[in-house]
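Quick notes on the structure that follows.
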Amino acid sequence: MSRPELIRDPAAWQRRCTDARDAGTRIALVPTMGYLHDGHLSLMREARVRADARGRPGLSLATIFVNPTQFGPTEDLARYPRDLDGDLAKCGAAGVDLVLAPDDPGAVYPKDFQTWVDVAEVSKGLCGDRRPGHFRGVATVVAKLFGLSRPHVALFGEKDWQQLQVLRRMAIDLDMGIDVVGMPIVREADGLAMSSRNAYLSAEERGRAVAISRALGEAGRRAAAGERDPVALAAGIRAAVEAAGMRVDYVELAHPETLRPVERAVPGTRVLVAVFLGKTRLIDNVALP
Ligand code: AMP
């Protein structure tokens, strides 16, 4: 498939999207930070389908922007992996029509920028506690991308489960009228959740990383066999990933939408983990069966 058109200037992008919307075109959006893998591409393929859903060709949009406001001061903003050329080829193969990739964060956040979106409750706990300001940065940039792109539907991965809940809440609370769709986690053959940050892992670390999804799978089996105690299930996961030489950032069993910790593990309870494998922070989650 052909390469999508690349637009660098957010104002030009907004004009393009507004014209399409005014002409009655259905618009689907996939925001990313680039360095694309099959997880991202699954969202883009679904965006193509949803854009075209009304029986005439819609507009499938992707954005590639490493958003500085969602990184903490000691995080990996400067070394976040980038490959715009490769990403454009992948977007084309996944049916994306237009890609916005601002070349300068200043084009997205001008000097006098001062408006922030804070989704108060769902942003608490889990990554919200460990990465102060992270979800404020995410919600703000996605609100801006929504305003620039005027989509009918936007697709996000369940890999970032808390982010998905934050963005759903934001779209509802701010009456954005955008359908926020969550898509299943795409995994490597051995079960590791695909992530741009997997590129940081050495071959030896990559081998050990499989312990994360295995531990989540084992927790699912224990729950299916009748274990209802979230503390016991979390302890099993913690022990398994620590045995593989990882440092646990959190292991929690939470309500799938409110993300408040649960006292009893039931079907649908979300099990969420964040670990450090060497210097690399990885996250994953599953629903209990
Ligand atoms: P990122 O580039 O990491 O900001 O991710 C962009 C979008 O892709 C987010 O909605 C992520 O949740 C989604 N995503 C990342 N990894 C995966 C995966 N393994 N499976 C499904 N979606 C993913």
**Fill in**
Rounded to the nearest 10, the angle in degrees between the Cα long axis of helix 134-149 and the longest principal axis of the Cα atoms of the chain comes to 30 degrees
**Asked** Kirkwood Rh over Cα pairs of segment 1-59 into Stokes-Einstein at 37 °C, 0.692 mPa s: D in µm²/s?
**Response** 258 µm²/s
**Request:** Have a look at the chain and give its Rg and Dmax from the Cα atoms, expressed in angstrom.
**Result:** 19.2, 57
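May I ask you to give the average projected area over all directions of the convex hull of the Cα atoms of segment 196-282, in nm² rounded to one decimal? Working shown, then result.
Values: hull surface 22.6 nm².
One quarter of the hull surface, i.e. the mean projection, equals 5.7 nm².
Protein chains only, probe 1.4 Å: how do Arg228, Arg270 rank by accessible area, largest first? Mind dumping the intermediate values first?
Details: Arg228 75, Arg270 25 Å².
Of Arg228, Arg270, the descending order of accessible area is Arg228, Arg270.
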**Request:** For segment 105-147 and segment 1-30, write down the distance between their C-alpha centroids in whole Å.
**Result:** 23 Å
**Asked** Which of rounded, prolate, oblate describes segment 154-238, given a ≥ b ≥ c as roots of the alpha-carbon gyration tensor eigenvalues and a/c under 1.5 marking rounded, otherwise prolate only if a/b is larger than b/c?
**Response** oblate
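Can you compute the helix-only [θ] at 222 nm over the chain? Use -39500 (n - 2.57) per DSSP H run of at least 4 residues, normalise by all residues, nearest 500 deg cm²/dmol. Display every interim value, and only then the final one.
Numbers: 10 runs with 110 residues, N = 289.
Only helices count here, giving -11500 deg cm²/dmol.
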**Prompt:** Against the longest alpha carbon principal axis of the chain, how many degrees, from 0 to 90 and to the nearest 10, is the axis of helix 230-243 turned?
**Reply:** 90 degrees
**Complete:** Given unit charges at Cβ for Lys, Arg (+) and Asp, Glu (-), the dipole magnitude of segment 5-183 about its Cα centre in debye, nearest 20, is 280 debye
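Per residue, how many Å² of accessible area does segment 196-282 show with a 1.4 Å probe?
Working: 4070 Å² over 87 residues.
Here the residues of segment 196-282 average 47 Å² of exposed surface.
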**Asked** Taking a probe of 1.4 angstrom, what is the accessible area of Asp179 in Å², to the nearest 10?
**Response** 80 Å²
**Request:** Express in Å², to the nearest 10, the accessible area of Arg169 obtained by rolling a 1.4 Å probe over the protein heavy atoms while all chains stay in place.
**Result:** 100 Å²
**Request:** Might you work out the accessible area of Lys159 for me, using a 1.4 Å probe with all protein chains in place, and round it to the nearest 10 Å²?
**Result:** 40 Å²
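The values are calculated or read from the model by the stated rules, or taken from the named source; none is laboratory data. Given the structure is predicted, the values throughout are model-derived calculations rather than measurements. Glycine gets a Cβ as well: all are built from the backbone with ideal geometry, and neighbour counts include every protein chain shown. Areas reflect the complete protein model, heavy atoms only, side chains present, ligands, DNA and RNA absent. Shrake-Rupley method; radii C 1.70, N 1.55, O 1.52, S 1.80 Å.
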